[in-house]
Every structure is written in structure tokens, then in C-alpha cells.
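Report on the structure given below.
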């Protein structure tokens, strides 16, 4: 193997986020890069820029370095700019769905600054598969258009994002899928007999009414009431279902708990004796390994649903934003319910029927997963071409 390393920097990825969905993107992206390194028989050094945090990273290895990022480092010429200049390539995954102005100006400004510094450093920038938009402000649309036109690759994970990119004037777009379809996990041992295991991913964010408590996601349902109805239904089901309350955003003690799935699930487990409280997972792969051992799943955290979907577990995603239907619909999995426009009764009945039809859902998921992985292979091939070009430069 050549001793010359290809240096790749990852931005808007996370190695230690409380949100295991964001972490799943990083673990999966690193796996894709390692695949390319093996194909090219080249050593690749990966630097992951991550916000300072006490949590231990769940991405590691001799090829990975985690560098703390904060506002001062972003502003200093000796900080991120210097790292970007030394890198052969920068890959930005936008935390999955943050390349939009629906989450406020602060987050988007940081994203634009990191992209601008990368362009200024003269280093090729790849936008890994992610949601693009919506952009509701003219200034955001102009800035998004300017940065995308300078990228070596712009990849989306759904058809709606592809159209959003094209509407902004970015004509060369790779429509891939979510890289978390590639998240490694431990397959469960075969089971025979026993209870039917039904997993419910409880969103602490939606249990509390959103970030502000004022339903900024525009849900048309009583989400806490629906979750309780689902628990009651499956606990009293004649199949003898075992209900597992599964968290995918797990906030550690001493931090704000408004988004914490685990606190919400713990409270529900106390309210409904006999439910199984899933562990506070330490990593995205640990969460996926647990979910893979369930028989049916539903949830409002998209990457919890992706973990089920990509491990063969029939799932009904409970959407609160367009990203759900965009991702699953683009690859032909049309079993998502929409909490922003459908009634509680409709969603409840759809999930009940989904459980009855779970063998059909599993078959549909297997077909859709094959499509998603094929789309990801197109992204991987394009990324390999860019990395090969960087190695020759």
C-alpha cells in the first residue's frame, strides 16, 4: 500500500451527538470512505470536525482524528481554515437535514461559513447525500445557490431535495439515498416462539410540543395521546405483544432534556407496567442492533426508522417533516404516515393494519433497500472519482 495518505476532512458530521441519527450518518460515511480506501489501496486519514462535548466519540480507529470545533476556531485563520487548506478534500453532510432555513439562522450561518472557508481554502468540497431545503428567505436561497455551484459533488437523499437543488440553479445533482442505510450492526440470533416484539420510538421532541412547546412542526394530532393509544393497543393485543420503548435521541444528565427520547420513554414505562424500556444506547450501531431484533416498529425519529428498515424490520415511519416521505418515497417504500396532515385516528388505524400486514411491509422494505443501496453506490463511485483526482493532484 502506498504510504502517501489522502487527507479527508468531514464537517457537519458528529461523532458524539445525543442524536444517534446524526451519528449514524458519520459512522456510515466513514465506512464508505474506508471502502474506497480499500478499493484504491491507499491510506486515508480522516479528520472529523465536531462540536466540543464530554461524550466519548462513537467513531474511532487509527485513520480517524476528532478535532473540537467552536466559534473561535471557525473565525481563526489558524483554526478550521488552516485544516481545510491542508486537506485534500472536505465532505459536508449538513447534519442530514440542516441545509435549510427552517431551523433558524444561527445553524445555517455556521454552515455557510464553513462552506465559504472551504471554498476560500481552495479545497474541493463534497456535499454528501442530505436533505436540501426548504429555503424560505431570498438571502438563504442566494447563498445556497452560490455554494452549491462551487461544490465538486452535490448529492441528495431524496427526489424533493434534488428538485430543490435544481430550482436553486444546481444542475448537476446526484440523487442517492441516506448513507445510514450502510450503518453496520450486529444481526440478531434467530428466534423461534416467544412474544411478538413491537418497538415504539418515542420522540421526546414531539412529546414536548417541539423545540418551543408551541407545535412549530404543525402537527395535526395529539402526539402524546396517540403514543399512549398505541401502547395500550399493542399491550392488549391477542398476539401477546411485548412493547419496547426505544430511544434514538439520548441526552445525558445535566443537559437540557427537551429533546430527550429516553426521559419520555422512562416516564411512559412507569405509566405502562409491562413495557420494556430499551437501554440508553452508547452508539448508533448499538441502537440498530437492538432494533434489528424487533418484529415490528414505528417511530418519529427518521433514523430510528431507517435502522429498522435497513435491518429487515417492518416499519411505519411517523413523519413530522417532508424528509420522511422524501427519503422513503423516493426508493419506493410507501408506508409512511404524516403527523402534519393526517388525523390521529387515521394514523392509529394505519399502524394497526401495518402490524397485520408486517410480512408485506418487510417484503416492500427489502425491495426498497436494494434501490437505496444502488443509489448509494452511485454516490460512492462519484466520491471515489473525486478522491482519485485529489490523490493525483
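Structure data summary
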item: Residue-averaged 222 nm ellipticity for the chain, from DSSP H runs of 4+ at -39500 (n - 2.57), nearest 500; result: -13500 deg cm²/dmol
item: Most fluctuating residue given options 61, 71, 169, as computed from a GNM of the chain linking Cα atoms under 10 Å; result: 61
item: Relative contact order of segment 112-249, defined on C-alpha pairs under 8 angstrom at six or more residues apart (%); result: 20
item: Sorted peptide list for 28-34, 302-308, 133-139, criterion being average Cβ within 10 angstrom, highest first; result: 302-308, 28-34, 133-139
item: Gain upon complete extension [residue 109, residue 280; 0.36 nm per residue less C-alpha separation]; result: 58.3 nm
item: The chain - convex hull of alpha carbons, volume per residue in Å³; result: 137
item: Contour excess over end-to-end distance, with Cα ends at residue 270 and residue 150 and 0.36 nm allotted per residue; result: 37.9 nm
item: Rounded FRET efficiency, nearest 0.05, which uses the C-beta distance separating residue 341 from residue 371 and R0 of 22 Å; result: 0.30
item: Residues residue 252 and residue 74, FRET efficiency given R0 of 30 Å [Cβ-Cβ distance, rounded to 0.05]; result: 0.75
item: Label-point gap, in nm, between residue 43 and residue 85 - each point 7 angstrom along Cα→Cβ; result: 2.4
item: Equivalent ellipsoid semi-axes, segment 327-393, via Cα gyration tensor eigenvalues times 5, rooted, Å; result: 38, 14, 6
item: Percent RCO, i.e. relative contact order, over the chain, from Cα pairs under 8 Å lying at least 6 residues apart; result: 16
item: Fluctuation leader among 90, 251, 243 - the chain, Gaussian network, Cα springs under 10 angstrom; result: 251
item: Packing-based order for 192-199, 44-51, using average beta carbon neighbours within 10 Å, highest first; result: 44-51, 192-199
item: Contact order normalised by residue count of segment 197-370, Cα under 8 Å, 6+ apart, percent; result: 25
item: Protection-proxy order for peptides 172-178, 275-281, each taking the mean of Cβ atoms within 10 Å per residue, highest first; result: 172-178, 275-281
item: Difference of contour (0.36 nm per residue) and Cα-Cα distance, residue 236 to residue 353; result: 40.6 nm
item: Choice from 76, 289, 17 with maximal GNM fluctuation in the chain (Cα, 10 Å cutoff); result: 76
item: Theoretical FRET efficiency, 1/(1+(r/R0)^6), r = Cβ-Cβ of residue 212 and residue 192, R0 45 Å, to 0.05; result: 0.40
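Every number here is computed from the coordinates shown, using simple stated rules; none is lab data. As the structure is a computational prediction, the values presented were derived from the model and not from experiment. Every residue, glycine as well, gets a Cβ built from its backbone with ideal geometry; the counts of neighbours run over all protein chains shown.
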